[in-house]
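Asker: First, the structure itself, so that you have it in front of you.
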Amino acid sequence: MVNVMVAVAPGSEEIETVSIIDTLRRGNFSVDLVSVSDELIICASRGVRLVADKLLEDADVDDYQLLVIPGGASGSEYMCNTPEFIKFIRAFYHAPNYLAAICAAPALVLEHHHICPGATMTCHPQFFQDLPAHKRSSERVVIDQQARLITSRGPGTAIEMALQILALLGSEELAQQVAEPMLIASPSA
C-alpha cells in the first residue's frame, strides 16, 4: 500500500484537495490530510471547511511515499511562507519518494524554494511566468520520472492527476479499475 500525505492550508483549493484524496482512496492508497496551519479545520479557497487528520507537527516524513501539495493561490502562498512545511518537504524529498503539486503550488511553493531544480513541470496558466521557460510544460499532467515529480494545472485536472498517480505508483490496471466506475477515461485510454 502507498501512504500519501496531502497538505492543506487556509486557502487551499478544495476541488483539487478532495478530488485527489477521494481518487487515491478509491485505489486503496492510505491518505492523510495534514494541516500546515495550527488548526485541524481549514477554510479552503471557496469557503468550504476541510477537517485535517493531523497537524504538520504530528506528521513524520518517514510515514509517506508521496506528498501532494494542492493549489489555490492563497493556500500555496501560506505553504510557501511556512518554514516548517518547507523544511518538511526538503526532509521528505529523496528517492524513492515522490512529490505532486497542482495549480499554483508548483510555482509558488516548489519553484519559489528551488525544490525539484531542473524538473519539467506545469501549473495553472496564471502562474506560468513564475516557472522558467525551459522547465515549463502546457500538458495537463506532467510526470518527470527522473525528478520523481508529478504536476498538474488546476481543479479540472485533479482527478486526471490522481489517476496518473495511481498508474505510476500502483499500476495501469488499478487506475483503470478506479476510473471506470467514476465514468472517467483512465490515463491509458
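Asker: In percent, what relative contact order does the chain have, based on Cα pairs under 8 Å that are 6 or more apart in sequence? Let's see the in-between values first.
Answerer: On the way: 399 pairs, mean separation 38.7, N = 189.
RCO, the chain: 20 percent.
Asker: OK, next. Let me understand the stretch 1-97 better: what is its radius of gyration from the alpha carbons, and its Dmax, in angstrom?
Answerer: 12.3, 36
Asker: Hey, fewest Cβ within 10 Å first, where do Tyr93, Tyr64 land in order?
Answerer: Tyr93, Tyr64
Asker: Per the Debye formula with a single identical scatterer at each Cα and no solvent contribution, what log10 I(q)/I(0) holds for the chain at q = 0.09, 0.12, 0.19 Å⁻¹?
Answerer: The computed values of log10 I(q)/I(0) come out as -0.27, -0.49, -1.34.
Asker: Another question, if that's okay. Strictly greater than 18 Å: what percent of every Cα pair in the stretch 40-136 meets that? Present the calculation step by step, with values, prior to reporting the outcome.
Answerer: Numbers: 2206 of 4656 pairs.
That fraction is 47 percent.
Asker: Further question: Can you give the % of DSSP beta bridges in the chain that are antiparallel, to the nearest 5? All intermediate terms of the calculation are to be shown ahead of the outcome.
Answerer: Values: 7 of 27 bridges.
Antiparallel bridges: around 25 percent, rounded to the nearest 5.
Asker: Counting each DSSP H run of 4 or more residues in the chain as -39500 (n - 2.57), what helix-only mean residue ellipticity at 222 nm follows after dividing by all residues, to the nearest 500 deg cm²/dmol? It would help to have the intermediate numbers written out before the result.
Answerer: On the way: 5 runs with 51 residues, N = 189.
It comes out at -8000 deg cm²/dmol, rounded to the nearest 500.
Taken together, the values in this text are just the output of simple stated rules run on the coordinates, not laboratory data. None of the values given here were measured: they were computed from a predicted structure. All Cβ positions, glycine included, derive from the backbone under ideal geometry; neighbour counts span all protein chains shown.
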